[in-house]
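Report on one structure; see the data block that follows.
Throughout, read-outs are computed from the coordinates displayed, never taken from laboratory work. Keep in mind the model is a prediction, meaning the values are calculated, not measured. In this analysis, Cβ positions are derived from the backbone assuming ideal geometry, glycine residues included, and neighbour counts consider all displayed protein chains.
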2 protein chains.
Amino acid sequence: MPPAREVILTGDRPTGPLHLGHYAGSLRSRIALQATHDQTILVADLQALTDNSGRAADVHRNVTEIVLDYLAVGLDPELNTIALQSAMPELSELTMLYLNVVTLARLERNPTVRAEITARGFERDIPAGFLCYPVSQAADITAVRATLVPVGDDQLPMIEQTNAIVRRLNALASRSILPECRPLLSPVPRLPGVDGRKASKSFGNAIPLSASADDIRAAVREMYTDPLHVRVTDPGHVEGNVVFAYLRAFDPDQAAVAELEALYRRGGLGDVTLKNRLADVLESVIAPIRERRARLDRDAVAPILRRGTERARGRAQSVLADVRAAFSLAPV
Amino acid sequence: MPPAREVILTGDRPTGPLHLGHYAGSLRSRIALQATHDQTILVADLQALTDNSGRAADVHRNVTEIVLDYLAVGLDPELNTIALQSAMPELSELTMLYLNVVTLARLERNPTVRAEITARGFERDIPAGFLCYPVSQAADITAVRATLVPVGDDQLPMIEQTNAIVRRLNALASRSILPECRPLLSPVPRLPGVDGRKASKSFGNAIPLSASADDIRAAVREMYTDPLHVRVTDPGHVEGNVVFAYLRAFDPDQAAVAELEALYRRGGLGDVTLKNRLADVLESVIAPIRERRARLDRDAVAPILRRGTERARGRAQSVLADVRAAFSLAPV
């Protein structure tokens, strides 16, 4: 019998189309892991509602789009379990049970929650659901008994919160019913938006995976470089230069990128030349995705989600049975 | 076709045996309403866990005891829907969805929650589940589309919170999917414990419905009366006098109780005489309950809960479908 593959839980909130930041930061890694790992990809539509309850119809529409994005980048629904969060009642049940072993103070201290509260400008008026979302993430992770969770370094508190819950539950059960998980940190720094700010749907500064060749050229043309680098011969900065950030993330010839950086620093490399190169690189990344997406059958999404959700629910039911038993709740 | 009976949601947290305070304050009223109203009685075991997660086994055991208490006092499982909260996943799903339309600030302002936080001494260390329990109650109430909720006057904020959620959901759905509810205030003042403090399982100062004749006499003997009423001829106080509180709640001859009060005030009525009367009155209340309980088959509880829970889940599923649609979530 082959050794059991390690279980990964990953996913996305369906609040808009996936973009190159997602591709560099997580989708490429999922593609690399899909053959060797037991990977569940959760379309986190319930979590999207925690701060988008007024845009519920958008969230719903984006569920299909995001699965099309997955298929277009090459995630194989036979190798991965693609599941829909809102179609898994077990996740709500686990969350409600876990809320009993997490204090309000602990949730309020969660740095990711604090940062988001500040960014969204809702101090005490945060939806209660938003405050509870680290617990909901713990439910997602433990529901498939994941031991590996791909995260950015700003999401480490989520892993800590999950493991704190796991330890409380194992103590309640007086045996190990849930595994602790560890982070799989992305080796790629977070890709900035075209304007140099954080890539975000609300800023409209990201390049979606469905971008046309023209969209790509237009976006690259607007990219933030170095405002002091006016003439070709001027020395320029590569730090904070968005074009170089994208080249480092996507150019297959990284030795050439290093040489271009050196030349740009010394002076002698114009933004137009550089941007033409990047536009070609990005088109070579996106073209096959775009073409695959065009050939996809939208009607294939529902059965894929249904099968994946069923598979994930099977695991979640076994986990829920263990967690209910830890709380002395009878089987339903 | 007869007019639809009004829907009531009521219930108890299974944290200990029901006592005379429950009987005076709610069980008698449920018995009176069961023939004319569509009454769901929820055994709120999940809510009991919000601040008893360390005593989960106790909560589990008390589920059976509380249903036996219901049957013993004369609640008819054919007339009422007796359902088990933890066996209704729809309630967790509704709670999670409602948490998106309630702010943290609003939950923290809830006077019932504030009072309980103070009473239990857990300031910021409150379990997050405990803070969320008014939302969980809103899920219970709306899950059966209840319009009438028996409450003490200290629980009115629960009704307000529920109706606030109902209005938000109806606004989201752009139509009335959930009815607002109104309180059914108990006409009986809250019955004190034998020592004059609030009746509470943790004080051990309540008379359980399963008390033997000897238990009753012993409890009545210890009842707080008036410490200044030493001799029979001394004038005595009836305010704060626990014996009179119980006589007013249970003595079938209230005219006689009024005369006894007058005599006690003037002087000339001894505590022993009074307590003998009360012991007889309470024995006449409890004896038939005790006898019915002794004849009950414990094995009847599980099928009663199963049937009631199924009935309640049928309604809850229809409500959940409406609420999910309001959030643009596809049917599962």
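If R0 equals 45 Å, the separation of the Cβ atoms of B:Asp154 and A:Asp195 corresponds to a calculated FRET efficiency of about 0.25. Of the residues A:Asp45, B:Asp195, B:Asp297, the one with the fewest other Cβ atoms within 10 Å heads the list, and the complete ranking is B:Asp297, B:Asp195, A:Asp45. Summing Cβ point charges (Lys, Arg +1; Asp, Glu -1) relative to the Cα centre of the protein assembly as shown gives a dipole of roughly 240 debye.
Evaluated with a Cβ-only charge set (Lys, Arg +1; Asp, Glu -1), segment B:213-293 carries a dipole of roughly 80 debye about its Cα centre, given to the nearest 20. Charge tally around B:Arg248: other residues with Cβ under 14 Å, Lys/Arg +1 each, Asp/Glu -1 each, net -2. Position B:Asp214: other-copy label points at 9.5 nm, ordered by increasing distance, label point 7 Å along Cα→C-beta.
For chain A, the alpha carbon convex hull comes to 153 Å³ per residue, rounded to a whole number. Listed by chain and number, the aspartates and glutamates placed with their C-alpha closer than 15 angstrom to that of A:Lys275 are A:Asp195, A:Asp214, A:Asp215, A:Glu222, A:Asp226, A:Asp251, A:Glu261, A:Glu283; residues fewer than eight positions away on the same chain are left out.
Projecting the Cα positions of A:Gly196, A:Val238, A:Ile31 onto the charge dipole of chain A (unit charges on Cβ atoms of Lys, Arg, Asp and Glu, taken about the Cα centre) puts A:Ile31 furthest along the positive direction. Just to confirm my numbers, what's the Cα centroid distance between segment B:231-256 and segment B:54-81 in Å? Comparing the Cα centres of segment B:231-256 and segment B:54-81, I get a distance of 32 Å. Based on C-alpha pairs under 8 angstrom that are at least 6 apart in sequence, chain B has a relative contact order of 23 percent. The residues B:Leu260, A:Leu278, when put in order of fewest to most other Cβ atoms within 10 Å, stand as B:Leu260, A:Leu278. If R0 is taken as 30 Å, the Cβ-Cβ distance between A:Ala119 and B:Glu6 corresponds to a FRET efficiency of 0.05.
For chain B, the Cβ-based charge dipole about the Cα centre amounts to some 580 debye (Lys, Arg positive; Asp, Glu negative; other atoms uncharged). Spacing of the modelled spin labels on A:Ser174 and A:Ser186, each 7 Å from Cα toward Cβ, amounts to 4.5 nm. Here segment B:155-223 and segment A:287-324 have alpha carbon centers that stand 45 Å from each other.
Between the residues B:Val319, B:Ala206, B:Val113, the greatest Cα displacement towards the positive end of the dipole of chain B, with unit charges on the Cβ of Lys, Arg, Asp and Glu, is found for B:Val319.
Footprinting exposure proxy ranking of A:Phe130, B:Phe203, fewest other C-beta atoms within 10 angstrom first, gives B:Phe203, A:Phe130. Sparse packing (at most 10 other Cβ atoms within 10 Å of the Cβ) combined with a DSSP loop state is found for the following GluC sites (Glu not before Pro) in segment B:170-262: B:Glu239. Assuming 0.890 mPa s and 25 °C, estimate D for the protein assembly as shown with Stokes-Einstein, Rh taken as the Kirkwood radius over Cα pairs, in µm²/s. My calculation gives 86 µm²/s for D.
When restricted to Cα atoms, segment A:209-332 yields an Rg and a Dmax of 24.2, 75 Å, respectively.
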